[in-house]
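Peer 1: Can you read through this structure? Questions will come right after.
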Amino acid sequence: MGRAFASVREVRTYWTNFITQMVRIGVESIPIVALAAAFTGAVLTVQTAYQLQTSFVPNTIIGSIVVPSMMLELAAVITAFILAGRVGARIAAELGTMRVSEQIDALEVMGLNSISFLILPRVLAGVVMFPALYIFACLIGIGGGLGIAEAAGLLSTTEFIEGARQFYQPFDPYFGLIKSITFGFIITSIACYKGYYTQGGAEGVGQSTTEAAVQSCVFVLLADLALAVLLL
Amino acid sequence: MIQIEHLHKSFGDLDVLEDVSLNIHEGETLAIIGQSGSGKSVLMKHIVGLLSPDRGRVLVDDVDICSVPYERLREVRKHFGVLFQGGALFDSMTSEENVAFPLEYFSSRSPAEIKARVAECLELVRMPDVGPKKPAELSGGMRKRVALARAIALEPKYILYDEPTSGLDPKTSNTIDELIQQLAEEMNVTSVVVTHDMHSVFNIADRAAFLYGKSLHWVGPIDAIHNRDDPVLDSFVTASEYHVGTHPTASSPS
């Protein structure tokens, strides 16, 4: 990565790439993240209500479980898994194709630092956009839970919000943000590495793409555990 | 001037180049010939520092590009234009954006001057009308010509061609050969052409370097390539379809 930060004089060149990557990684991921978060929040609410139906606990507990679960774990991890497939595979395939078709060599021969030009904007865009998507997934997921609770008559909106407030810890959203930044770095870095160092032809691109998606998921899980142990 | 001194390169257990030494003189067109897998493209990639040798060195205008810092290597590379085998055009850009790319990043030209230079380069490769088209919309020969326009945009001192005529029909191959000759004469560039197409070699080259068995087997002027005393070289040269029946000593069919 040392070479990636070497040529700050080409900032102008990379700014455009950075904006492009923010749109591709962040803005274009909004629909799938919204879909997954809404359904996760809704299913979590229904299942929590099912598990608590025979116990003598108030309905507000459902909100107390759903909201922190989304903030602490689900919004960040589900977003990361979706983006490991959508963004990680895309980056690895894009850079891998550029490698095998000699486009990366062409950049180098022109005198451009291909690592700065191709990798830096993608990793930075991941680190910036993953937290934004996490916040979005949190809101949609909690909204999904709230919506299904009201629609299915499981509990009222007031009870849901009251439950969420009861056990709310101010550190919860910060923990989720720290996770999402870490996941963003892991996924884009692995995808860039796999793509940039692709060998062979179409088979090599396929292999890099698969490895990027699988290894990203594995490292996301490891980082998830490590952060939970260290910070909670 | 480019000097290659005692170059060794292997990939894992596979030795590709062993003790290759070669000088490429200013203004000449040198063809690096040899069978597929003989290390021609590997040698070419060493000339622009895309590969590092295991041993030996490459000097470009007396700068050892194998040991200079990366930033210095980037400066040296700006003297080169390279036509890659598949063109290596950026497929997200149009043809004119591809040609404009190095000008935008490495020249102080104004947008109007860049536009004019792009038009000039596309005109030079006889492709004035393909500017708005993306690489996927072009044929193989057209892609190579646009890639050539991009390679010459910054008026390089050296142009390297990696298999410029491979996969092209004979007529398009002749057009590419003519362009290589034209650029060498008009821009007074030093050209290095990696090829196994002997038809091209006879058309464009001043000298040839023959790679065989991991090393440089023969170097000399193109007129001296009909070397009957060297069976390995002679066998490669006469194996060319182009050459059948034209070799001074080729036997007539009985």
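Peer 1: Can you find a residue that is touching a residue at least 12 places away in the same chain (Cβ under 8 Å), closer than 20 Å to B:T190 by Cβ and within 13 Å of chain A (Cβ to nearest Cβ) anywhere in segment B:107-120? Explain how you work it out, then say what you get.
Peer 2: Just the residues of segment B:107-120 that are touching a residue at least 12 places away in the same chain (Cβ under 8 Å), to begin with: B:107, B:114-115, B:117-119.
Next cut, closer than 20 Å to B:T190 by Cβ only: none.
Checked against the condition, which is being touching a residue at least 12 places away in the same chain (Cβ under 8 Å), closer than 20 Å to B:T190 by Cβ and within 13 Å of chain A (Cβ to nearest Cβ), segment B:107-120 yields no hits at all.
Peer 1: Of everything in segment B:88-100, what is crowded, with 21+ Cβ neighbours inside 10 Å and within 9 Å of chain A (Cβ to nearest Cβ)? Give them in sequence order.
Peer 2: Scanning segment B:88-100 gives B:A88, B:L89.
Peer 1: Take A:L154 and tell me if it is aliphatic (A, V, I, L, M), closer than 26 Å to A:V66 by Cα and not in a helix (DSSP H, G or I).
Peer 2: Spelling it out, A:L154 is indeed aliphatic (A, V, I, L, M), closer than 26 Å to A:V66 by Cα and not in a helix (DSSP H, G or I).
Peer 1: Among the residues of segment B:176-185, is there at least one that is free of Cβ contacts under 8 Å to residues at least 60 places away in the same chain, β-branched (V, I, T), over 22 Å from B:E104 (Cα atoms) and surrounded by fewer than 18 Cβ atoms within 10 Å (Cβ to Cβ)?
Peer 2: No, that holds for no residue.
Per-residue answers, yes or no, for (1) among the hydrophobic types (A, V, I, L, M, F, W, C); (2) assigned to a loop (DSSP other than H, G, I, E, B); (3) more than 21 Å from B:E155 (Cβ to Cβ):
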site	(1), (2), (3)
B:D15	no, no, yes
B:E26	no, yes, no
B:I32	yes, no, yes
B:G49	no, yes, no
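Peer 1: If we scan segment A:172-182, do we find a residue that is among the acidic types (D, E) and more than 26 Å from the chain's Cα centre (by Cα)?
Peer 2: no
Peer 1: Please verify whether segment B:152-175 includes one or more residues that are more than 12 Å from chain A (Cβ to nearest Cβ) and on the phi > 0 side of the Ramachandran plot.
Peer 2: yes
Peer 1: Residues being without any contact (Cβ under 8 Å) to a residue 60 or more places away in the chain and either among the aliphatic types (A, V, I, L, M) or closer than 30 Å to B:K214 by Cβ (or both): count how many of those fall in segment B:75-101.
Peer 2: Residues flagged as without any contact (Cβ under 8 Å) to a residue 60 or more places away in the chain and either among the aliphatic types (A, V, I, L, M) or closer than 30 Å to B:K214 by Cβ (or both) within segment B:75-101 amount to 7.
Peer 1: Which residue is farthest from B:Y161 (Cα to Cα), if the candidates are limited to segment B:83-123 and must be in a loop (DSSP other than H, G, I, E, B) and among the polar types (S, T, N, Q)?
Peer 2: Here the answer is B:S110.
Peer 1: Of the conditions (1) in a strand (DSSP E or B); (2) at pLDDT below 90, B:I159 fails just one. Which one is it?
Peer 2: Status for B:I159: all satisfied but (2).
Peer 1: Go through A:E211, A:E162, A:E150 for me and flag whichever is surrounded by fewer than 20 Cβ atoms within 10 Å (Cβ to Cβ) and under 19 Å from the mean Cα position of the chain (by Cα).
Peer 2: Criteria check complete, one pass: A:E211.
Peer 1: Can you give me the number of residues within segment B:60-84 that are away from chain A (no Cβ under 13 Å) and small (G, A, S)?
Peer 2: 1
Peer 1: Looking only at segment A:109-121, how many residues end up being at the interface with another protein chain (Cβ under 9 Å from one of its Cβ atoms) and crowded, with 21+ Cβ neighbours inside 10 Å?
Peer 2: 4
Peer 1: Let me ask another. Which numbered condition in (1) within 30 Å of A:G153 (Cα to Cα); (2) at pLDDT 95 or above is the only one that A:A132 fails?
Peer 2: Every listed condition holds for A:A132 apart from (1).
Peer 1: Among the residues of segment B:18-40, are any in contact with a Pro (Cβ under 8 Å, 6 or more places away or on another chain) and surrounded by 14 or more Cβ atoms within 10 Å (Cβ to Cβ)? Break it down stepwise before answering.
Peer 2: Of segment B:18-40, the ones in contact with a Pro (Cβ under 8 Å, 6 or more places away or on another chain) are none.
The answer is no, given that none of the residues of segment B:18-40 is in contact with a Pro (Cβ under 8 Å, 6 or more places away or on another chain) and surrounded by 14 or more Cβ atoms within 10 Å (Cβ to Cβ).
Peer 1: Might you check whether a residue that is part of a helix (DSSP H, G or I), aromatic (F, W, Y) and either surrounded by fewer than 22 Cβ atoms within 10 Å (Cβ to Cβ) or out of contact with any helix residue (DSSP H, G or I) (no Cβ under 7 Å at 6 or more places or on another chain) (or both) occurs anywhere in segment A:123-130?
Peer 2: Within segment A:123-130, none of the residues are part of a helix (DSSP H, G or I), aromatic (F, W, Y) and either surrounded by fewer than 22 Cβ atoms within 10 Å (Cβ to Cβ) or out of contact with any helix residue (DSSP H, G or I) (no Cβ under 7 Å at 6 or more places or on another chain) (or both).
Peer 1: Could we say that B:L160 is surrounded by fewer than 22 Cβ atoms within 10 Å (Cβ to Cβ), within 22 Å of B:K45 (Cβ to Cβ) and touching a Leu at 6+ places or on another chain (Cβ under 8 Å) here?
Peer 2: Answer is no for this residue.
Peer 1: Looking at (1) assigned to a helix (DSSP H, G or I); (2) among the aliphatic types (A, V, I, L, M); (3) more than 18 Å from the chain's Cα centre (by Cα), which is the one condition that is false for B:V42?
Peer 2: The failed condition is (3).
Peer 1: Could you list, in sequence order, all residues of segment A:189-219 that are of a type in the set (D, E, K, R) and either on the phi > 0 side of the Ramachandran plot or touching a residue at least 12 places away in the same chain (Cβ under 8 Å) (or both)? Break it down stepwise before answering.
Peer 2: Of all residues in segment A:189-219, those of a type in the set (D, E, K, R) come to A:194, A:203, A:211.
Hits for segment A:189-219 are A:K194, A:E211.
Peer 1: Give segment A:189-203 a look and list any residue that's more than 10 Å from A:T97 (Cβ to Cβ) and surrounded by 15 or more Cβ atoms within 10 Å (Cβ to Cβ), or say none.
Peer 2: If the condition is that a residue be more than 10 Å from A:T97 (Cβ to Cβ) and surrounded by 15 or more Cβ atoms within 10 Å (Cβ to Cβ), then A:S189, A:I190, A:A191, A:C192, A:Y193, A:K194, A:Y196 are the ones that fit.
Peer 1: Next question. Is there a residue in segment B:38-59 that is of a type in the set (S, T, Y), touching a helix residue (DSSP H, G or I) at 6+ places or on another chain (Cβ under 7 Å), more than 13 Å from chain A (Cβ to nearest Cβ) and in contact (Cβ under 8 Å) with a residue 24 or more places away in the chain?
Peer 2: Taking every residue of segment B:38-59 in turn, none turns out to be of a type in the set (S, T, Y), touching a helix residue (DSSP H, G or I) at 6+ places or on another chain (Cβ under 7 Å), more than 13 Å from chain A (Cβ to nearest Cβ) and in contact (Cβ under 8 Å) with a residue 24 or more places away in the chain.
The values are calculated or read from the model by the stated rules, or taken from the named source; none is laboratory data. For clarity, every value in this text was computed on a predicted model and none was experimentally measured. We place every Cβ from the backbone using ideal geometry, glycine too, and count neighbours over all the protein chains shown.
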